[in-house]
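Asks: Here it is, the structure, as structure tokens.
The values are calculated or read from the model by the stated rules, or taken from the named source; none is laboratory data. All figures in this text were calculated on a predicted structure; none of them were measured in a lab. When we count neighbours, we look across all protein chains shown, and the Cβ atoms used for this are built from the backbone with ideal geometry, even at glycine.
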Amino acid sequence: MKSLHITRRLQLLSIATATFVAVQLAGPAVAAAETAPVTAQADTVHHASFTQIKQINAGDLNVGYAEVGPANGQPVILLHGWPYDINSYADASAILAAKGYHVFVPYLRGYGSTRFLSAQTVRNGQQAALALDIIAFMDALKIQKAVIGGFDWGARTADIIAALFPERCKALVSVSGYLIGSQQANVAPLSPKAELAWWYQFYFATDRGQAGYQANTYAFDKLIWQTASPQWHFDDATYNQSAEAFNNPDHVAIVISNYRWRLGLVKGEARFDAYERKLATAPAISVPTVTLEGDANAAPHPDPAAYAAKFTGKYAHHNITGGIGHNLPQEAPKAFADAIVEADGFAK
């Protein structure tokens, strides 16, 4: 399969030659010492993008995806979150491709050029549905095993694959760590300050919120970008590039379903019940893992110390300093790419 050409590729290739230092940990996750913070500088102007999108039928979907890097390279699958898209990984993918990795970046259901194959399929955003989408995507591309990385929804999806299908995940990079949840766990109330951070989840629980998101998707998602990454001074061109992905006809339905499912306001599909029962036990993740956190992430996220013990294989955590917010792969692409290489090294 042919590699994609990425804007600003020559610039990124020079970055990709920087020396990568693997951090060796001696012992399980609970005993792993946190490494020194990694400093990155959030870019103010960032227009790197994928110039070719491919399509493939996989499970319930016709998936749009970007592909870059040599066909014989180690497969890497990178998963975006809400409200973001595959362009979060344009720079990091170029760095990884220059190192010989074969990178795949799919649009999740409800984003970009990904479409449901049937009008009758439930527009379901529950966590297990998204994870099974990626397994189907791997099957369609005949990828038996990959290094999988993600942030936000993408990190949760990657965590689930690593926990339930470790034979398909060679290594894991998860921004904000262990994000697997359950409807049962979400019954318990949080502190008032923590609940405030989830304001949009409660907004989406109402008919007014659904109508508001439908009517104001562009402005709403831009507000989330600004509040979740307060020190990332992206320009309109950068946001507009990703906002095109929110024009998907199923975007609003998937987003509303995702947040309502978390609160137990809607039921999931029966075909995912067995997976959700396993996920409700908060299963440990045994595959080699690197977790990351930005020092300026203003979106709700757990403390790294709270989830370290969930990773029972070789493990490292890095705090990325320099004003890095929620969209860490786009704000600090080299740090994210380095984490992929580090996690892959743990698996060798």
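Asks: For the range 279-322, how many residues meet the condition of being outside any helix (DSSP H, G or I), under 28 Å from residue 259 (Cβ atoms) and aromatic (Phe, Trp, Tyr)?
Replies: So the answer is 1.
Asks: Just wondering, is there one or more residues in the range 266-274 that are free of Cβ contacts under 8 Å to residues at least 40 places away in the same chain, more than 21 Å from residue 326 (Cβ to Cβ), surrounded by 15 or more Cβ atoms within 10 Å (Cβ to Cβ) and of a type in the set (A, V, I, L, M)?
Replies: Among the residues of the range 266-274, at least one is free of Cβ contacts under 8 Å to residues at least 40 places away in the same chain, more than 21 Å from residue 326 (Cβ to Cβ), surrounded by 15 or more Cβ atoms within 10 Å (Cβ to Cβ) and of a type in the set (A, V, I, L, M), which makes the answer yes.
Asks: Still on this structure, please answer the following. If I go through the range 229-249 residue by residue, how many of them are farther than 17 Å from residue 53 by Cβ, surrounded by 12 or more Cβ atoms within 10 Å (Cβ to Cβ) and of a type in the set (A, V, I, L, M)?
Replies: Selection size over the range 229-249: 0.
Asks: With the requirement that a residue be at negative phi and either in a strand (DSSP E or B) or among the hydroxyl-bearing types (Ser, Thr, Tyr) (or both), what does the range 151-191 give you?
Replies: Within the range 151-191, 157, 169, 170, 171, 172, 173, 174, 175, 178, 182, 191 meet the criteria.
Asks: Let me ask something additional. I'm trying to understand the selection: among the residues of the range 332-345, which are assigned to a helix (DSSP H, G or I) and under 15 Å from residue 93 (Cβ atoms)?
Replies: Correct list: 333, 334, 335, 336, 337, 338, 339, 340, 341, 344.
Asks: Failed condition for residue 146, given (1) among the small types (Gly, Ala, Ser); (2) in contact with a helix residue (DSSP H, G or I) (Cβ under 8 Å, 6 or more places away or on another chain); (3) farther than 27 Å from residue 315 by Cβ, with all others met?
Replies: Tallying (1) among the small types (Gly, Ala, Ser); (2) in contact with a helix residue (DSSP H, G or I) (Cβ under 8 Å, 6 or more places away or on another chain); (3) farther than 27 Å from residue 315 by Cβ, residue 146 fails exactly one: (3).
Asks: Taking residue 195 and the conditions (1) closer than 27 Å to residue 38 by Cα; (2) assigned to a helix (DSSP H, G or I), which numbered condition does it fall short on, given that it satisfies the others?
Replies: The failed condition is (1).
Asks: Could I ask something else about it? Kindly provide the set of residues from the range 322-345 that are charged (D, E, K, R) and under 14 Å from the mean Cα position of the chain (by Cα), ordered by number.
Replies: Correct list: 331 only.
Asks: Same structure, new question: Show the residue pairs meeting these rules: Cβ distance below 6 Å; 6+ apart or different chains; first residue within the range 110-125 and under 17 Å from residue 64 (Cβ atoms); second residue modelled with pLDDT of 95 or more and among the hydroxyl-bearing types (Ser, Thr, Tyr).
Replies: Partner pairs satisfying both residue conditions: 114/107.
Asks: Are any residues in the range 96-113 buried (at least 24 other Cβ atoms within 10 Å of the Cβ) and of a type outside the set (Phe, Trp, Tyr), and if so, which ones?
Replies: Of everything in the range 96-113, those that are buried (at least 24 other Cβ atoms within 10 Å of the Cβ) and of a type outside the set (Phe, Trp, Tyr) turn out to be 96, 97, 103, 105, 106, 108, 109, 110, 112.
Asks: Which residue pairs have Cβ atoms closer than 6 Å, lie 6 or more positions apart in sequence or on different chains, and pair a first residue in the range 192-207 that is more than 10 Å from residue 300 (Cα to Cα) with a second residue that is in a helix (DSSP H, G or I) and hydroxyl-bearing (Ser, Thr, Tyr)?
Replies: Filtered contacts from the range 192-207: 201/259; 204/259.
Asks: Is it the case, given these coordinates, that residue 270 is of a type outside the set (S, T, N, Q) and closer than 21 Å to residue 79 by Cβ?
Replies: no
Asks: Going by the conditions given, is residue 177 touching a Phe, Trp or Tyr at 6+ places or on another chain (Cβ under 6 Å) and either in contact (Cβ under 8 Å) with a residue 12 or more places away in the chain or surrounded by fewer than 21 Cβ atoms within 10 Å (Cβ to Cβ) (or both)?
Replies: Spelling it out, residue 177 is indeed touching a Phe, Trp or Tyr at 6+ places or on another chain (Cβ under 6 Å) and either in contact (Cβ under 8 Å) with a residue 12 or more places away in the chain or surrounded by fewer than 21 Cβ atoms within 10 Å (Cβ to Cβ) (or both).
Asks: For the range 275-302, which positions are under 16 Å from residue 324 (Cα atoms) and over 17 Å from the mean Cα position of the chain (by Cα)?
Replies: 295, 296
Asks: Does residue 188 satisfy the condition of being surrounded by fewer than 23 Cβ atoms within 10 Å (Cβ to Cβ), hydrophobic (A, V, I, L, M, F, W, C) and closer than 18 Å to residue 282 by Cα?
Replies: Here the answer is yes, as residue 188 does meet what is asked.
Asks: State yes or no: is residue 84 surrounded by 24 or more Cβ atoms within 10 Å (Cβ to Cβ), in contact with a Ser or Thr (Cβ under 8 Å, 6 or more places away or on another chain), among the aromatic types (Phe, Trp, Tyr) and modelled with pLDDT of 95 or more?
Replies: Yes, satisfied.
Asks: Look at residue 252 and say whether it is modelled with pLDDT of 95 or more, in a loop (DSSP other than H, G, I, E, B), under 20 Å from residue 126 (Cα atoms) and among the β-branched types (Val, Ile, Thr).
Replies: Against the criterion (modelled with pLDDT of 95 or more, in a loop (DSSP other than H, G, I, E, B), under 20 Å from residue 126 (Cα atoms) and among the β-branched types (Val, Ile, Thr)), residue 252 does not qualify.
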